[in-house]
Structure formats: C-alpha cells, structure tokens
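J.: Encoded as structure tokens, here's the structure I'll be asking about.
The values are calculated or read from the model by the stated rules, or taken from the named source; none is laboratory data. Nothing here was measured: the structure is a model prediction, and the numbers come from that model. Neighbour counts are summed over all protein chains in view; Cβ atoms, including those assigned to glycine, are modelled from backbone coordinates with ideal geometry.
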Amino acid sequence: MPPAPPAPAAAPTLAARASTRDPNRIESAAAEVVTGEAVVLDLRPAGLLRLFAAGAVDFLVYGTVAAAAVAAGLRYLVNNDAQATTWLIGMLLVCLVGVPTAVETLTRGRSVGRFALGYVIVREDGAAIRFRQALVRSVVALVEIWLTLGTFALVSAIVTSRHKRLGDLLSGTYPLESDQDQALPAPVLMPAELVEWARRADISRLPGSLAWRVREFLDRARTVEEGTRTSIARALAAHVEPHVSPPPPWGTHPERFLAAVLVVRRDAEYLAGLRAQQRRLDLLPPDRRAPYGL
C-alpha cells in the first residue's frame, strides 16, 4: 500500500517570510504614549537663557507700568498718607498680579517677553493655560520674582527638568518653545485591497512602541533604498503580525499591511474617544446637557 502523500504545507505568514528578525532593533522595551497613528511630537521646554531674557523683559515692562501708575496716583489723586498706602498696595496688586493674569489668559500663555523670545507657557499636557493657572503663577510671582528679584525663580528653573519656576510647579505648567516646527506628517491612508480585512481586524494588542516604529518607517520609506526598504518592511510586518488578528490576506505587501494596521489603530482610538465623551455627557444632569453643535 503506497504511503499517504504528505499534507500540503501551510501558507507561510509574513513573519515566516521575513528576512530579518531583530527584536532588539524593532521593538523597544519602554512603553510610550503615542497617538492613534503613532505620531510623537517633540515638545521641547524653553532654554534657561531664553527664560531669563524673557523674564527680564517682562520685569521691566510690568515694573514700569506699576511705577507709572503709583507715581500718577500719588501726584494727582492722593491727599494723605492713608490714601497713599491704599493706592500703593492697590496698584501693585493690579499691575503685578491682575495685569499679568489677564495678559496670560487672553494670549494663552504669552507675554511681551515670551512673544519676543519665542516661547509660551502651557499645561503639563501641552494644552493652553487658563485663568486659574495664570492667576496662580502671578500670585506666586509676587514672592519668587518681585520680592526676591527673581532669585527663587532662578534656583527653581535650574534644578527642575523642564525649567519650571515655583509658580509652574504649583499650577502644573511649564515653558515651551513656540517657534519649533511641529507640522504633522501626512495621514496614513487605508490600502483599497485591505478595506474588507480592516473591518474585522483586531489590533488591540499592538504595543505603542512598535506602532511608533512603524509610523517612523512609513514617514521615511521614500528616502530609503528599495532593497533596504523592502527588508525593513518585511521585518516590521513580521513583528506586527503576531499582534493582529486575523492575519492579512495571502500576498499582501508588507508595507501596505503596516499602513492598514496604523489606520485601524487610529480609527479605533477615535471611536474610543467618542464613546468616552458620550459617557461623560450621560453622567451630566439633564439641565446641564447642551445639544450637539452648540
């Protein structure tokens, strides 16, 4: 009786067809927070020299305004020592607390000195500051800048990683360079042949560090020599595929597979954000809910 013919070999996956397998080069052990398309913005805190120069400009501007307001009141509006004391304290509070708070709130973290030196004050998450943060910074500045001529602010900026002064530590803000180029790369598009596969693909297990490396490769792929580009694409696809279910259709180009994975990841995070927003709205009492579009 002749032996049974051998079973046909299973179609190799992208991982099996990868020519290079270097997990130390492809994946990073450190967990990173990245966006849906794995875009990482390089948000650099402002340098110390820039902070000191801008601080000196603001010190002169606000100091001159305060001195002019006090002098004008003492000359034209004050008739006795009690009125002089009241006017002095009131104008110092208005010019050294009220005016900086209003300026930072209306300009979203800027001032005359910061505008001239190219940096802005932002919250820890990179968003623009609001009235509360501006008020805390201005109140603390009375001690760390005006009463100590900037000594406390200088020491704090030197010893903290993001060059924060005491007002920044208490308000949850830091100085950010505003003249750096932060243009977002072009969005990744879904390959037409993978649309149906993407509708049922699960990429929830994909590590953020690996997604970031995929995005970095796709951004620079056009500048890479063809042979090297194909080799890197296959290696990355080999490391991405175990985190994706179901696997892509047989014959899928590795680079197009990587693009499809990032698009699925982006869309999944967008929908998750919408659901989270809806849950927050559902928790609000009916009288505080606003109709959509307002």
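J.: What is the one condition in (1) in a helix (DSSP H, G or I); (2) in the same structural domain as T107 (by TED's automatic domain parsing) that K164 does not satisfy?
T.: The failed condition is (1).
J.: Taking the stretch 227-275 on its own, how many of its residues are in contact (Cβ under 8 Å) with a residue 40 or more places away in the chain, touching a helix residue (DSSP H, G or I) at 6+ places or on another chain (Cβ under 9 Å) and acidic (D, E)?
T.: 2
J.: Considering only residues of the stretch 279-294 that are exposed (fewer than 10 other Cβ atoms within 10 Å of the Cβ) and in a helix (DSSP H, G or I), which is modelled with the highest pLDDT?
T.: Looking at the filtered set, the residue picked out is R279.
J.: May I pose another question? When residues of the stretch 58-77 are filtered for being surrounded by fewer than 17 Cβ atoms within 10 Å (Cβ to Cβ) and more than 24 Å from R132 (Cβ to Cβ), how many remain?
T.: Counting residues in the stretch 58-77 that are surrounded by fewer than 17 Cβ atoms within 10 Å (Cβ to Cβ) and more than 24 Å from R132 (Cβ to Cβ) gives 11.
J.: Same structure, new question: Is there a residue being more than 21 Å from the chain's Cα centre (by Cα) and closer than 30 Å to L258 by Cβ anywhere in the stretch 180-189? Before you say what the answer is, go through the steps one by one.
T.: Here is the first cut: in the stretch 180-189, the ones more than 21 Å from the chain's Cα centre (by Cα) are 189.
Within this subset, residues satisfying the condition of being closer than 30 Å to L258 by Cβ are 189.
For the stretch 180-189, residues more than 21 Å from the chain's Cα centre (by Cα) and closer than 30 Å to L258 by Cβ: present.
J.: Give the residue, chosen from V143, V136, that is surrounded by fewer than 16 Cβ atoms within 10 Å (Cβ to Cβ), in a helix (DSSP H, G or I) and either assigned by TED's automatic domain parsing to the domain that holds L60 or over 22 Å from the mean Cα position of the chain (by Cα) (or both). Write out each step before concluding.
T.: On the way: V136 fails: surrounded by fewer than 16 Cβ atoms within 10 Å (Cβ to Cβ).
Only one candidate qualifies: V143.
J.: List the pairs whose first member sits in the stretch 83-96 and is more than 11 Å from A72 (Cα to Cα) and assigned by TED's automatic domain parsing to the domain that holds A69, whose second member is surrounded by fewer than 14 Cβ atoms within 10 Å (Cβ to Cβ) and aliphatic (A, V, I, L, M), and whose Cβ atoms are under 7 Å apart, counting only residues at least 6 apart or on separate chains?
T.: Going by the 7 Å Cβ cut-off, there are no qualifying pairs.
J.: Quickly run through the stretch 78-114 and pick out the residues that are surrounded by fewer than 14 Cβ atoms within 10 Å (Cβ to Cβ), in a helix (DSSP H, G or I) and of a type in the set (S, T, N, Q).
T.: Correct list: Q83, T85, T86.
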